[in-house]
Structures are given as structure tokens and as C-alpha cells.
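The values are calculated or read from the model by the stated rules, or taken from the named source; none is laboratory data. These figures come from a predicted structure and were not determined experimentally. All Cβ positions, even for glycine, are placed from backbone atoms using ideal geometry, and neighbour counts span all protein chains on display.
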Amino acid sequence: MITLRHKPSECIGCDLCAQTAPEYFEMDEFGMAQLISVERSSKVFNYTTAPDMDLDVLQEAEEGCPVNIIAVNPKG
């Protein structure tokens, strides 16, 4: 299982994550990316889990994010 972390407060609205991994990210009414299914939140980050088969697409979203607000942890 993969843990996915997102810091929505620093999103610049480039839409890359939503285009790359639309099962996990969507653009809100303000044009900022949000995790579709948030399993838990802290003051800064939102978290969800994903199956191992989605690792490649999630790493692509992580690596493409211009402000580095996505983190993928394949160990869960």
C-alpha cells in the first residue's frame, strides 16, 4: 500500500497532478488541486492511501509537481 501526502495550501493550480492522476486529484472551484479522498489530515497535509499498482502514475505526479507539495511513500 502507498501513502500519498499533499499540501494543498501551497498549490499553484498547474493542474498537472489532476491530469496525471485523476483518480486521486481534482481541481477545486478556485483552480487548486485537492485530494479526492482524504483519509486523514494534519494542520498542513492531507493523506490518503493507494494500491501499489498506482505507484508509477503517483510518482509521475510527484515528480512533475513544480512546487513539490506531493509526496509518495510506497511503503505505506
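Tabulated values for the structure
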item	result
Some residue of region 59-75 being of a type in the set (S, T, N, Q) and touching a helix residue (DSSP H, G or I) at 6+ places or on another chain (Cβ under 6 Å)	no
Pair list, Cβ under 7 Å, 6 or more apart: region 65-76 residue closer than 20 Å to E26 by Cα, other residue surrounded by 15 or more Cβ atoms within 10 Å (Cβ to Cβ) and of a type in the set (D, E, K, R)	I69/K7; I70/E62; A71/R5; A71/E62; V72/E62
Condition check for A18: at pLDDT 95 or above and in contact with a Leu (Cβ under 9 Å, 6 or more places away or on another chain)	no
Residue in region 1-58 that is farthest from A71 (Cα to Cα), counting only those that are within 9 Å of the chain's Cα centre (by Cα) and among the basic types (K, R)	K7
Residue list for region 32-70, restricted to those being aliphatic (A, V, I, L, M), buried (at least 16 other Cβ atoms within 10 Å of the Cβ), in contact with a strand residue (DSSP E or B) (Cβ under 8 Å, 6 or more places away or on another chain) and closer than 21 Å to C14 by Cα	A33, L35, L58, A61, I69, I70
Qualifying positions in region 1-31 - free of Cβ contacts under 8 Å to residues at least 12 places away in the same chain, in contact with a strand residue (DSSP E or B) (Cβ under 9 Å, 6 or more places away or on another chain) and within 19 Å of E60 (Cα to Cα)	Q19, E26
Considering residues of region 1-15 that are out of contact with any Gly (no Cβ under 7 Å at 6 or more places or on another chain) and part of a loop (DSSP other than H, G, I, E, B) only, the residue farthest from E29 (Cα to Cα)	K7
